[in-house]
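The values are calculated or read from the model by the stated rules, or taken from the named source; none is laboratory data. Model, not experiment: these values are computed from the prediction. When we count neighbours, we look across all protein chains shown, and the Cβ atoms used for this are built from the backbone with ideal geometry, even at glycine.
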Amino acid sequence: MTKTNSEMPIFFAINDAYVPCLTVALHSLTEHAAPASQYKIIVLHQGLTPANQAKLQALSTANVAVTLMAMDEQLEKQINDQSNSLRGDYFTYTIYFRLFIADMFPQYDKALYLDADIVVETDLGDLFAEDLGDNFFAGVADSYMNSDDVMGTYAEEAVGVPREDYINSGMLLLNLTALRRGQFSQHFLSLLNQYHFASLAPDQDYINAMGHGRIHYLPTAWNVQVRNTGDAAATPHLVHYNLFRKPWHYSDAPHADFFWQEAQRLPIYPDFQKSLQAYTATDRQTDLDKLAHMQQLGRDICAKHPTFKEIQAQTGSVAL
């Protein structure tokens, strides 16, 4: 699991806006952690207030240690150059840091990265036990790319990955040893600086384009997304409220029961209720407009040059 001990490292990357979501996520994780499991939660953050840092650290338990780490200034300088087209439609500065975890934490051989808008429904030990072989990542297919024709076309024509193979990066099991050996982060920076690929989901597109052929695919239950249905959605291991339909904004959000079961046990429950009540019809229309814009952007990117697919076909230099 690690070079030094058997603790299981789990990474999040957030700013202050995501502290409420992360509070629910961490509570669900600790509630479902087996007594024999030892977890090290590492929250990479951008200037969290002292109060929010204290709130998160207070969620530590006997077998789940929550630590916080400010994002390294030197690494920040490397990738925070706006000339590098860091302009995906839902770009959040923190998301690129998962690509550098292998280099930032050489003491670990394997780690889990999770988005903050998740709920854990089981102990994660079985997930950590997955044999990754020489694959860079283990993940679950992105339900939106699979269910929407525009997005599926984007995956295939811009990223160069079959839509059913395109994974969602909100839950990634990371083979840190393989990522270091393959110099994944260095290759990422090289591509970013050389080609300035237009992208819908910056880190997710790079992960899929660069990692294609070296991704271990997991059952859907390990990352049940808002468009997933069926048995996996009924009995998930992990629920991921990706895209717009968050339970604290939509009363009919898919899989919302799992979120509220956790949130109602916490002091911040009234805040989520207020957020739900305050979300207006105008807010919901804005979400629909953003979704339509994202789809149009996907169409536009397919027509731009270069794309990941084009450079891979011409040079073979995208996928590792």
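Identify, please: which residue in the stretch 266-310 is of a type in the set (D, E, K, R) and in contact with a helix residue (DSSP H, G or I) (Cβ under 7 Å, 6 or more places away or on another chain) and is, among those, nearest to PRO20 (Cα to Cα)? Lay out the reasoning, then the answer.
Step one: of the stretch 266-310, the residues of a type in the set (D, E, K, R) are 271, 274, 283-284, 287, 289-290, 299-300, 304, 309-310.
If we keep only those that are in contact with a helix residue (DSSP H, G or I) (Cβ under 7 Å, 6 or more places away or on another chain) as well, we get 271, 299, 309.
Values: ASP271: 9, ARG299: 34, LYS309: 38 Å.
Within the stretch 266-310, the match that is nearest to PRO20 (Cα to Cα) is ASP271.
Of all residues in the stretch 192-231, count the ones that are in a loop (DSSP other than H, G, I, E, B) and of a type in the set (Gly, Ala, Ser). Write out each step before concluding.
Pass one, the stretch 192-231, residues in a loop (DSSP other than H, G, I, E, B): 196-201, 212-214, 218-219, 225-230.
When the remaining residues are screened for being of a type in the set (Gly, Ala, Ser), the result is 198-199, 201, 213, 230.
Of the residues in that region, 5 qualify.
Please state which of the following conditions TYR113 fails to meet, knowing it meets all the rest: (1) modelled with pLDDT under 95; (2) within 14 Å of the chain's Cα centre (by Cα); (3) among the aromatic types (Phe, Trp, Tyr).
The one condition TYR113 does not meet is (1).
Which one of these is buried (at least 19 other Cβ atoms within 10 Å of the Cβ) and in contact with a strand residue (DSSP E or B) (Cβ under 9 Å, 6 or more places away or on another chain): HIS212, HIS216, HIS240?
Numbers: HIS212 fails: in contact with a strand residue (DSSP E or B) (Cβ under 9 Å, 6 or more places away or on another chain); HIS216 fails: buried (at least 19 other Cβ atoms within 10 Å of the Cβ).
None of the others qualify; the one that does is HIS240.
Among the residues of the stretch 286-299 satisfying the criterion of being surrounded by 12 or more Cβ atoms within 10 Å (Cβ to Cβ) and in contact (Cβ under 8 Å) with a residue 40 or more places away in the chain, which is farthest from the chain's Cα centre (by Cα)?
Going through the qualifying residues, I end up with ARG299.
Among the residues of the stretch 26-42, which ones are more than 26 Å from ALA70 (Cα to Cα) and either of a type in the set (D, E, K, R) or part of a helix (DSSP H, G or I) (or both)?
Residues satisfying the conditions are GLU31, HIS32.
Every residue in the stretch 291-320 that is in a helix (DSSP H, G or I) and more than 14 Å from MET151 (Cβ to Cβ), please.
Step one: filter the stretch 291-320 for residues in a helix (DSSP H, G or I), giving 291-302, 308-315.
Within the stretch 291-320, PHE308, LYS309, GLU310, ILE311, GLN312, ALA313, GLN314, THR315 qualify.
Conditions (1) among the small types (Gly, Ala, Ser); (2) more than 21 Å from VAL318 (Cα to Cα); (3) touching a strand residue (DSSP E or B) at 6+ places or on another chain (Cβ under 9 Å), marked per residue:
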residue	(1), (2), (3)
GLU130	no, yes, yes
SER143	yes, yes, yes
GLY182	yes, no, no
LEU189	no, no, no
LEU200	no, no, no
ASP203	no, no, yes
THR220	no, yes, yes
ASN223	no, yes, yes
VAL226	no, yes, yes
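Quick one: which residue in ALA201, ALA232, ALA263 is more than 21 Å from LEU291 (Cβ to Cβ) and in contact (Cβ under 8 Å) with a residue 60 or more places away in the chain? Steps first, answer last, please.
Details: ALA201 fails: more than 21 Å from LEU291 (Cβ to Cβ); ALA232 fails: in contact (Cβ under 8 Å) with a residue 60 or more places away in the chain.
None of the other options fit; the residue is ALA263.
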